[in-house]
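Below you'll find the structure, written out as structure tokens, and then a few comments.
The values are calculated or read from the model by the stated rules, or taken from the named source; none is laboratory data. A quick note: this is a predicted structure, and the numbers were derived from the prediction, not measured. In this analysis, Cβ positions are derived from the backbone assuming ideal geometry, glycine residues included, and neighbour counts consider all displayed protein chains. With ligands, DNA and RNA removed, areas are computed over all heavy atoms of the protein, side chains included. Shrake-Rupley method; radii C 1.70, N 1.55, O 1.52, S 1.80 Å.
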Amino acid sequence: MIAFQDVYKKYSGHDALVDVSFRISPKEFVSLVGRSGAGKSTVIKMLIGEERPTSGRITFGKYDVVKLQPKELPQLRRHIGTIFQDFRLLPTKTAYENVSFALEVAGQPEKEIETLVPEVLDLVGLSDKANNFMNELSGGEKQRVAIARAMVNRPEVVVADEPTGNLDPFNTMEIINLLKKINELGTTIILATHNKDIVNHLARRVITMENGRIIRDEENGRYSLA
Amino acid sequence: MATTIYRIIKNALSHLVRQRLLFGATLVVMVMTLFAFGSLIVGNHVLTSALDSIQNKIDISVYFKTTTPEDQILAMQQTLEQMSEVKNVQYISKDQALQNFEQQHANDPTISQALTELGSNPLSASLNIKANNPNNYQDIANYLNSTSVNSMIENVSYNQNQLVIQRLAAILNISREAGIILTIVLALAATLIAFNTLLIGIYSNREEVEIMRLVGASNAFIRGPYVIEGVIYGIIAALISLAILAPVIYFTSPYMQVFIPGFDLWGYFTADLFLLFIYEAAFGSVIGIISSMIALRRYLKK
Ligand SMILES: Nc1ncnc2c1ncn2[C@@H]1O[C@H](COP(=O)(O)OP(=O)(O)O)[C@@H](O)[C@H]1O
Ligand SMILES: [Mg+2]
């Protein structure tokens, strides 16, 4: 479903990605691990079309991501839910509106929005905070809003870039459990992290990066940086 | 489609209301801009009316020898009226000239007595000529002084007033040009300030724009609310600025009438109020729309 083929990315002189190739099948739960600066975020930016590779090919379902015009990117992104360390929620909107926004932009009818959003907010345990603004929520709550937004339009993939980087261990486990739940519902998950405990707890596929290269790609892998 | 438009408007309104501080600050600048813009339109009207009223006082009178037959004078009036430089020509016959004279000196018994003693009408018939442009008086005077018609003319008033008329014409021209340049410069300055304010407002929202892109919002869906916000700024600022301008004009209008006889500024303002509102709202909206286009172009590429 997702394929990177010989992807290179150079930033003014130094290489962020070198010869990156991998495939991800539907319903997989893949952890992308590596030290800070290894190239995890760059891989994710390439996948959602935020940055273009210097060379190489990236496909997502029927989309040839590198060839998409800026105009066509919104279409692609409606198939990918995104979660980030810094939440990236709209400050002038409530929790409910942040989630419903993802459906609004995709042109979903109001009726569907009115049933889907409360459902998803309930799933992430935020029904009672639906009308709160972002500055009224804790870090863990914000990240749960982001998860609700990422999954509400039933995307094929959810990518999470260090989603627990700003959270305490308790909230970290909550978020990881939510991601597992979403995966069990049939959604592919790509999780970039440098949290050893999470990776070992998950016991799923692990792609390890170092200096922009993939140095290991193991089914049922563990976190180990030699 | 209708749903999308509804959502764009809803998003615009809630965005404005929830960013009250930015909304208020931007609105203040927009009001000041449109106030300046409205004042410029009104001020220009005042200046033009003042200059027109001065210009209207300039004319040339041609006095004919008392022996000249009336049909020759009327023929000359026709010739003058056909000249492109001439706006209108008024014929004052000998009898009319006498009537005017008697009226002017009705309270002066010596003059009326002198006239009765004289028995006949000593006054000349005349043509009163107004030019389209004060610069044209020289050409008209040249024609009147030419030999072909000179024989029946007693006196051309321009010959005495030439210097004054030429100076006045120069002053009028400079004033009009200065008015236009000043208007353009001030309007440009006001526009740039409003423009900048809106740009900064959108720039402060750039993170939001990036987030919307990330969630898969199309460019139209992101841009739409900003365009609507621009229009809302335009309309509200136009209303407020006219509400400030109205009392200013109401209280200065009587003073204007002293300087420019027959000039009713308040009448002009109220008659053209709706048009003025449309101008201002359109001006504000266009600034809002263009600034959102420019500011967002950078962020909508990724
Ligand atoms: N916009 C950029 N300009 C220049 N270098 C960048 C840019 N983004 C990332 N890099 C570099 O690319 C490398 C990989 O970064 P990143 O993918 O963010 O790493 P990770 O997410 O694994 O911490 C780093 O060396 C980083 O400095
Ligand atoms: Mg990173």
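Brief remarks on what is shown
- So A:Leu121, is it more than 13 Å from chain B (Cβ to nearest Cβ), open to solvent by less than 20 Å² (accessible area, probe 1.4 Å) and not in a strand (DSSP E or B): yes
- For the stretch B:284-302, filtering for residues that are farther than 15 Å from B:Gly224 by Cβ and surrounded by 22 or more Cβ atoms within 10 Å (Cβ to Cβ) leaves 2.
- Criterion: within 12 Å of ligand 1 (Cβ to nearest atom) and either within 14 Å of B:Met212 (Cα to Cα) or aromatic (Phe, Trp, Tyr) (or both) - qualifying residue of A:Phe84, A:Phe22, A:Phe29: A:Phe84
- Matching residues, the stretch B:108-134, being assigned to a helix (DSSP H, G or I) and open to solvent by less than 80 Å² (accessible area, probe 1.4 Å): B:Ile111, B:Ser112, B:Ala114, B:Leu115, B:Pro134
- Taken over the stretch A:174-203, the criterion of being without any contact (Cβ under 8 Å) to a residue 60 or more places away in the chain and touching a strand residue (DSSP E or B) at 6+ places or on another chain (Cβ under 7 Å) is satisfied by A:Ile182 alone.
- Criterion applied to A:Val20, A:Val66, A:Val43 was being part of a strand (DSSP E or B) and assigned by TED's automatic domain parsing to the domain that holds A:Gly212, and the one residue passing it is A:Val20.
- One residue stands out in the stretch A:44-59 among those that are open to solvent by less than 10 Å² (accessible area, probe 1.4 Å) and within 14 Å of ligand 2 (Cβ to nearest atom): the one that is nearest to A:Val199 (Cα to Cα), namely A:Ile44.
- Hits in the stretch B:204-244 - residues which are open to solvent by less than 10 Å² (accessible area, probe 1.4 Å) and more than 14 Å from chain A (Cβ to nearest Cβ): B:Gly230, B:Gly234, B:Ala237, B:Ala238, B:Ser241
- If the condition is being facing another protein chain (nearest Cβ under 8 Å) and open to solvent by 50 Å² or more (accessible area, probe 1.4 Å), then the stretch A:80-96 contributes A:Arg88, A:Pro91.
- Test: residue in the stretch B:80-92 that is at pLDDT below 85, open to solvent by less than 80 Å² (accessible area, probe 1.4 Å) and in a helix (DSSP H, G or I): no
- Selection status of A:Ala150, in contact with a strand residue (DSSP E or B) (Cβ under 6 Å, 6 or more places away or on another chain) and within 16 Å of ligand 2 (Cβ to nearest atom): no
- If you go through the stretch A:141-166 and pick out every residue that is away from ligand 1 (no atom under 16 Å from the Cβ) and surrounded by 17 or more Cβ atoms within 10 Å (Cβ to Cβ), you end up with 16.
- B:Val164 being open to solvent by 70 Å² or more (accessible area, probe 1.4 Å), of a type outside the set (Ser, Thr, Tyr) and more than 14 Å from every other protein chain (Cβ to nearest Cβ): yes
- Residues being within 12 Å of B:Val46 (Cβ to Cβ) and assigned to a loop (DSSP other than H, G, I, E, B) - total across the stretch B:245-264: 3
- Residues satisfying the stated conditions in the stretch A:50-76, i.e. within 15 Å of ligand 1 (Cβ to nearest atom) and under 16 Å from the mean Cα position of the chain (by Cα): A:Glu50, A:Glu51
- Flag for A:Arg35 being open to solvent by 10 Å² or more (accessible area, probe 1.4 Å), within 16 Å of ligand 2 (Cβ to nearest atom) and not in a strand (DSSP E or B): yes
- Among the candidates A:Val117, A:Val99, A:Val145, A:Val159, residue that is in the same structural domain as A:Gly34 (by TED's automatic domain parsing), within 28 Å of A:Tyr63 (Cβ to Cβ) and modelled with pLDDT of 95 or more: A:Val159
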